[in-house]
Amino acid sequence: MEKSLKLIIAFFSVVLVLFVGFFLFKHQSNASNSSGWDYQHPDMWKDMFPKDCAGSKQSPIDITFGDDMVTKQTMEFIWNNYQNPPENMTLTNNGHSVQLDVQWKMNHWIPYLSVEEDSPEYVFSNLHFHWGAHNTEGSEHTINGHGLPLEVHMVHFKREYKTIVNASNYQDGIMVIASFYNVTSKNSTAIQDIINAAEKVRDEGSSAHIDNFLLSDFEVLRDTPSWVSYNGSLTTPRCLEVVTWFLALKPYDMTEDQIKKIRSLKLSHGDDHDNRPTQPLNGRKIFYYEFR
Ligand SMILES: [Zn+2]
């Protein structure tokens, strides 16, 4: 009897040690994640991730309408499946942004786009926000040196590369559609769809299901008189130079109340913004498009 009691105590001691060990490990690995890069010292990314963040084709950039701009007018944007109702939408505060991930019932319902008929298809992967502490800053790209309060990134990967992770290995692997928002008296319904759940994801690492809405609610699908495009990088480490950027030039409307809700999200390291400073163009061309 006494022997079996000792065995039981020994067993539970081992279980306890494993449990405590697991939680210490988990806590440490979380801590080491958040002790990484931040937005207060973006100049340090080059030292932390020298292979790519110190590269010559980095993003974001300042868009100026000068000699680097090449005018092209013959291209068409083809959005497919963005009007399909999702099966599930999840909003996550990953400490560097708030990200929307979406699932559809069938694979062939997933949104994708191409920039011309018969050109490669890029499949929707996720959508996230970049913002700042004041209305004069927040966007990652700037236009003639001016920032806007919010920039939304719709991230897509090239279909032939199968996954976003694999696509990140190729120079033409990722396409990001960027749109800008200004603070006015008009509400954005698409932004509202997301910030309805902002309170549930206020803390870093938190995640919540949100009420399904259509990605076609985003203004960029309906109202884009002009675009610019250039080749650049992801704007977060590892800063991989694998992105074809398309920026919708006309800013859309959102209210002061909406941007305040976004600013109430807590980022890692107490960051109050998640926009990387603009990077040198280094001779790259910027293409300008107008669509009918
Ligand atoms: Zn982004």
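Throughout, read-outs are computed from the coordinates displayed, never taken from laboratory work. On a predicted model such as this, the values are computed, not experimentally measured, just so you know. Glycine also receives a Cβ, built like all others from the backbone with ideal geometry; neighbour counts cover every protein chain displayed.
Key figures
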item: Region 184-267, Rg to Rh (Cα coordinates; Rh as Kirkwood inverse mean 1/r); result: 1.01
item: Between region 50-121 and region 194-269, the Cα center-to-center distance that results, in Å; result: 11 Å
item: Trp104 long-range amide H proximity, modeled H, under 5 Å; result: Glu87
item: Net +/- balance of residues flanking Gly55 in space, Cβ distance below 12 Å, scoring K and R +1, D and E -1; result: +3
item: Largest to smallest principal axis extent of the C-alpha atoms in the chain, angstrom; result: 87, 43, 42
item: Interchain or long-range residues, amide H under 5 Å from Tyr170's placed H; result: none
item: DSSP-assigned coil residues among trypsin sites (Lys or Arg not before Pro) in region 148-227, each with at most 15 further Cβ atoms within 10 Å; result: Lys162, Lys186, Arg202, Arg222
item: Hydrodynamic radius of region 136-190 per Kirkwood, over alpha carbon pairs, in Å; result: 13.2 Å
item: Percent antiparallel among DSSP beta bridges (both partners in region 48-290, rounded to 5); result: 75 percent
item: Sequence of Trp109, Trp37 once ranked by neighbouring C-beta atoms within 10 Å, starting from the fewest; result: Trp109, Trp37
item: ³J(HN,Hα), Karplus 6.51/-1.76/1.60, whole Hz, each residue of region 161-174, x for Gly, Pro; result: 8, 6, 9, 5, 5, 5, 4, 5, 8, 10, 4, 9, x, 10
item: Charge sum, other residues only, whose C-beta stays under 13 Å from Asp274's C-beta, Lys/Arg counted +1 and Asp/Glu -1; result: -4
item: Under Karplus coefficients 6.51, -1.76 and 1.60, residue-wise ³J(HN,Hα) of region 227-241 in Hz, glycine/proline x; result: 10, 10, 9, 7, 9, x, 10, 5, 9, 10, x, 8, 6, 4, 8
item: Sparsely packed chymotrypsin sites (Phe, Trp or Tyr not before Pro) within region 55-95, loop by DSSP, other Cβ within 10 Å at most 13; result: Phe65
item: Residue pairs, from the table Lys186/Lys261; Lys57/Lys285; Lys158/Lys250; Lys46/Lys158; Lys186/Lys266, whose Cα atoms sit over 18 Å apart; result: Lys158/Lys250; Lys46/Lys158; Lys186/Lys266
item: Neighbourhood charge, 14 Å Cβ-Cβ cut-off, centred on His209 and excluding it, Lys, Arg +1 and Asp, Glu -1; result: -4
item: Whole-Hz ³J(HN,Hα) from phi, Karplus 6.51 cos²θ - 1.76 cosθ + 1.60, for region 120-135, glycine and proline x; result: x, 8, 10, 9, 4, 10, 6, 9, 8, 10, 10, 8, x, 7, 9, 6
item: Normalised contact order of the chain, rounded percent, pairs of Cα under 8 Å and 6 or more residues apart; result: 26 percent
